Amino acid sequence: MQKYFHRDLEQIHQRLLAVSAIVEQMIDKASRALLERKSELAQEVIDTDEQVNQAEVLIEEECLKILALHQPVATDLRRIATVMKINAELERIGDLACNIAKRARSLQAHPYFPLPDGLPAMFTTARQMVIKALDSFVKSDSELARQVIHMDDQVDEQVRIIIGEMIEMMRQDQGLVEPATHCFSAAGHIERIGDQAENIAEDVIYLIDGDIVRHMHGALPEPESVPHDSDDNR
């Protein structure tokens, strides 16, 4: 019976990793759609959302089937619970990438609107958080997950600066209110992607260490290293 349990669990893991790859591509395309003003990429992101939605439902159904058939306990139960939570977080990240793509399409009507200088760096940080959070799950690395949680402060600071720039821009030129609002909204969605990555990292810490760290970030020890550059570790 245990053999079938691990077989079914491995299949779910593979499906989850496949979804994570699709979601990472959606973030990358949404970023390029906004920063490079490429409407075709924005449409690709929007068209992909249904694929992620269907995969999310399938993975959840498979997890529930495992719970019913195998009735796992202890670590195995935590793993199934974690997979279900990460699955939901990935679906939400896909939705946020779609929202960014929609804002990118809206900005097509304002080709001369200057995007904030800090927007590319914010995208990079949020995308790194997603990649590292998923890597921490694959590698069962709670230290890497803690790095993701501490990286969230970078995204919060980046969005604070961008929002300040947008507010000042709207004050100086009311004609920029509409495009600035779209940009303001996109920045908020990027921040939320970072938040979802943080949630995944929290789920991984629960899986590995059995610790529930939600709402306790101030009590977390500093990780060994928190990257501040744009290098991809994956």
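The sum of -39500 (n - 2.57) across all DSSP H runs of n ≥ 4, divided by the residue count of the chain, sets its helix-only mean residue ellipticity at 222 nm to -28500 deg cm²/dmol. Each Cα pair under 8 Å and six or more residues apart adds its sequence gap; the mean of these over the residue count of the chain is a relative contact order of 25 percent. The label point for residue 117 and the one for residue 22, both projected 7 Å from the Cα toward the Cβ, are 3.9 nm apart. In summary, the aspartates and glutamates within cross-link reach of residue 3, defined as a Cα separation below 15 angstrom excluding same-chain residues under 8 places away, comprise 76.
Can you grab the distance from the C-alpha centre of the stretch 1-20 to the C-alpha centre of the stretch 141-182, Å, no decimals? Taking the Cα centre of each part, the stretch 1-20 and the stretch 141-182 sit 37 Å apart. Set the Förster distance to 45 Å, then compute FRET efficiency between residue 160 and residue 60 from the Cβ-Cβ distance, nearest 0.05. With R0 = 45 Å, the Cβ-Cβ based efficiency is 0.80. Computing FRET efficiency as 1/(1 + (r/R0)^6) for residue 11 and residue 139, where r is the C-beta to C-beta distance and R0 is 25 Å, gives about 0.80.
Taking the fewest neighbouring Cβ atoms within 10 Å as the starting point, the ordered list for 3, 38, 85 is 3, 38, 85.
Counting beta carbons within 10 Å around each of 171, 103, 15 and listing the fewest first gives the order 171, 15, 103. Modelled this way, with points 7 Å down the Cα-to-C-beta line, the labels at residue 78 and residue 174 are 5.8 nm from one another. Summing Cβ point charges (Lys, Arg +1; Asp, Glu -1) relative to the Cα centre of the chain gives a dipole of roughly 460 debye.
Pairs spanning more than 29 Å between alpha-carbon atoms, out of 102/139; 85/139; 102/132: 102/139.
Values quoted throughout were computed directly from the atomic coordinates according to the rules given, and no laboratory measurement underlies them. Quick caveat, the model's predicted, so the values are computed rather than measured. Reconstructed Cβ throughout: ideal geometry from the backbone, glycine too, with neighbour counts over all protein chains shown.
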